[in-house]
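Presented below is the structure to which this report refers.
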Amino acid sequence: MVWDGKAVTLTNWAGNTTFQARDVHHPTSLDELQRLVSGSSRVRALGSGHSFNHVADTTGDLVVLDRMPDLAEIDGAAAKVRVGARMTYARLAPLLHEAGFALANMASLPHISVAGSVATGTHGSGPSIPGLAAAVSGIDLVTADGSTLSLTREDADFAGAVVAVGALGVVTSLTLDLVPAFDLRQYVRVGLPADALGEFEAIMSSGYSVSLFTDFRDTRVWLKREDELTDADWYGTTPAAAPQHPLPDMPADSCTAQLGVPGAWYERLPHFRADFPPSGAGDELQSELLLPREHAVKALRELWAIGDRIRPVLQISEIRTIAADDLWLSPFRGRDSVAVHFTWVKDVPAVLPVLDLVERTLAPFDPRPHWGKLFTRWPECPESFRDLVRRLDPAGKFGSEFTRVLLGE
C-alpha cells in the first residue's frame, strides 16, 4: 500500500496493478464480513496480492481477510485440514508436518494464500499430481445476501465453486485433503540439450516434482525426488556445482536446499524459502499458459523457434506438468497439462507484443491461462459456470470487468 497524502493506494505484489476500490475493509469476524457483504452493492475479496492482472479488482468495496481469526483444524482420522481463507501455505505447512501430514503438492513459493491460490488455478509440478484446487474437499463462502454457503465434493455445484476467481462470493474457509508427511531431495541439473525435448515425458516423470527452467536456449532441471539420484550423466546434464536461483545471476540464498540434501516436503517442494521475500521480490511480470500434455513437445519446439524474439523481455521460463481435474473453471479441467510460465521484465509496453506472439504461437494447441497472470486471449467460459454465477449472484455484486469478460457479458 502507498500513501499519496489523501488516501491509501493499494497495489498488487508486483506493483503493476493499482486497485480501483472505493474502500478497503479488514473485517475481524464472520459476522462483520457478512454485514459488509450484504450492505455493499459491489464487493470482491483480495488474497495475498500475488497476481498480475485485475482478477481481484473492483470499483466497489475490497475485502481483505488478514484480520480474521486464524483457523487450522486438522482431522487426523479423516486426513483433512480446515483452514481459514487468510492462511498462507508458509504458515500452514509446518503445522501439518508437525502433525505427521503433508499436502500432495505446493506452488513454487509458499507465501501465497490458500484461498487466492485455489481460486485462480495455481499449481505445482508432477505428472500425476493435479493443481492445488484439487486438494479441496469442502468450501465455505459468504454469498451476495450475506448468508453462508458450505459445499462439499458431493454437492452438484462444488466443481464450479472451487476455482471461481471470486465470482461467487467471499471464501472464508477451505477443507483440504492430506497425505502422510514425506521427505524429498532436490537436485539441479544444468545443460539439458535441446534435443532432449524428445524425452520430455521421461524427464518430467523422473521425480516427484520436476521443473525445467529455460530461456529457450539454455535449460536447467529442478528435480525433486524421494530417493537419491545416482546417474552422473542424467539425460546429458551435469549436476550444479552449487545451489542455484531460477533467475540467472541471482543469489540462491532465498531458495530451498538443493544438492540432494534430504528435507521435509514443505522445505523442498517450493523453490523459495518462506523466510525470504518471494522470487524476484516483485520486480517482474508473469504469464502462464496451460496446454494439453500430448502437445508438449510440439508446442515447446515452436517456442524454441521464436526464442530470439522472446529473450529480450524474458527473465526466465518454467515448464511444469499437472494432472487433470474436473473443476469447471480449472485450467486443467479434463486434461493432463503442461504449463509454460514466463517471468518477464517489468515493462508492460515491451512485454505485451511478445506475449501476443507467444499466445499466437501456442494458439493451435488450445492454451488456457492461469487466471492470476497476464494474458490477452480468453478461453470459452463453461455454460455451467455462467449458470452458477447467475443463481448465486443474480445482481452481479461480485462482478468486475474481469468477470464481465470471462462470462462474455
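Listed values, structure above:
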{"read-out": "Those residues of segment 188-212 which are aromatic (Phe, Trp, Tyr) and either crowded, with 22+ Cβ neighbours inside 10 Å or free of Cβ contacts under 8 Å to residues at least 60 places away in the same chain (or both), in sequence order", "value": "Tyr208"}
{"read-out": "Residue match in segment 358-365 (condition: in the same structural domain as Pro246 (by TED's automatic domain parsing) and not in a helix (DSSP H, G or I))", "value": "no"}
{"read-out": "Hits in segment 345-376 - residues which are touching a helix residue (DSSP H, G or I) at 6+ places or on another chain (Cβ under 7 Å), over 24 Å from Phe200 (Cβ atoms) and of a type outside the set (Asp, Glu)", "value": "Val345, Ala350, Val351, Trp371, Gly372, Leu374, Thr376"}
{"read-out": "Residue list for segment 3-56, filter: at pLDDT below 95 and acidic (Asp, Glu)", "value": "Asp4, Asp23"}
{"read-out": "Qualifying residue in segment 364-376 (condition: small (Gly, Ala, Ser) and in contact (Cβ under 8 Å) with a residue 40 or more places away in the chain)", "value": "yes"}
{"read-out": "Hey, Val297 surrounded by fewer than 17 Cβ atoms within 10 Å (Cβ to Cβ), aliphatic (A, V, I, L, M), modelled with pLDDT of 95 or more and part of a helix (DSSP H, G or I) or not", "value": "yes"}
{"read-out": "Total residues in segment 13-34, condition closer than 20 Å to Thr120 by Cα and in contact (Cβ under 8 Å) with a residue 60 or more places away in the chain", "value": "4"}
{"read-out": "All positions within segment 236-254 that are within 9 Å of Val188 (Cβ to Cβ) and touching a Phe, Trp or Tyr at 6+ places or on another chain (Cβ under 6 Å)", "value": "none"}
{"read-out": "Residues that are in a loop (DSSP other than H, G, I, E, B) and under 16 Å from Gly166 (Cα atoms), drawn from segment 34-53", "value": "Ser40, Ser41, Arg42, Gly47, Ser48, Gly49, His50, Ser51, Phe52, Asn53"}
{"read-out": "Subset of segment 242-259 [more than 22 Å from the chain's Cα centre (by Cα), surrounded by 15 or more Cβ atoms within 10 Å (Cβ to Cβ) and under 19 Å from Val313 (Cα atoms)]", "value": "Met250"}
{"read-out": "3 or more residues touching a Gly at 6+ places or on another chain (Cβ under 7 Å) and either surrounded by fewer than 24 Cβ atoms within 10 Å (Cβ to Cβ) or modelled with pLDDT of 95 or more (or both): qualifying helices (runs of 4 or more DSSP H) within segment 70-167", "value": "114-120"}
{"read-out": "Scope segment 84-105; condition in contact with a strand residue (DSSP E or B) (Cβ under 7 Å, 6 or more places away or on another chain) and among the charged types (D, E, K, R); matching residues", "value": "Arg86"}
{"read-out": "Number of positions in segment 225-261 that are touching a His at 6+ places or on another chain (Cβ under 8 Å) and hydrophobic (A, V, I, L, M, F, W, C)", "value": "2"}
{"read-out": "Residue in segment 310-319 that is outside any loop (DSSP other than H, G, I, E, B), surrounded by fewer than 17 Cβ atoms within 10 Å (Cβ to Cβ), touching a helix residue (DSSP H, G or I) at 6+ places or on another chain (Cβ under 9 Å) and not assigned by TED's automatic domain parsing to the domain that holds Ala14 present", "value": "yes"}
{"read-out": "Given (1) in a loop (DSSP other than H, G, I, E, B); (2) over 20 Å from the mean Cα position of the chain (by Cα), index of the condition Ala56 fails", "value": "(2)"}
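Here is a yes/no grid of residues against (1) in the same structural domain as Thr148 (by TED's automatic domain parsing); (2) closer than 19 Å to Thr122 by Cα:
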residue: Leu36; (1), (2): no, no
residue: Gly39; (1), (2): no, no
residue: Arg42; (1), (2): no, no
residue: Ala45; (1), (2): no, yes
residue: Ser48; (1), (2): no, yes
residue: Ser51; (1), (2): no, yes
residue: Asp57; (1), (2): no, yes
residue: Lys80; (1), (2): yes, no
residue: Ala85; (1), (2): yes, yes
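The values are calculated or read from the model by the stated rules, or taken from the named source; none is laboratory data. Worth saying up front: this structure is predicted, and the values here are computed from it rather than measured. Reconstructed Cβ throughout: ideal geometry from the backbone, glycine too, with neighbour counts over all protein chains shown.
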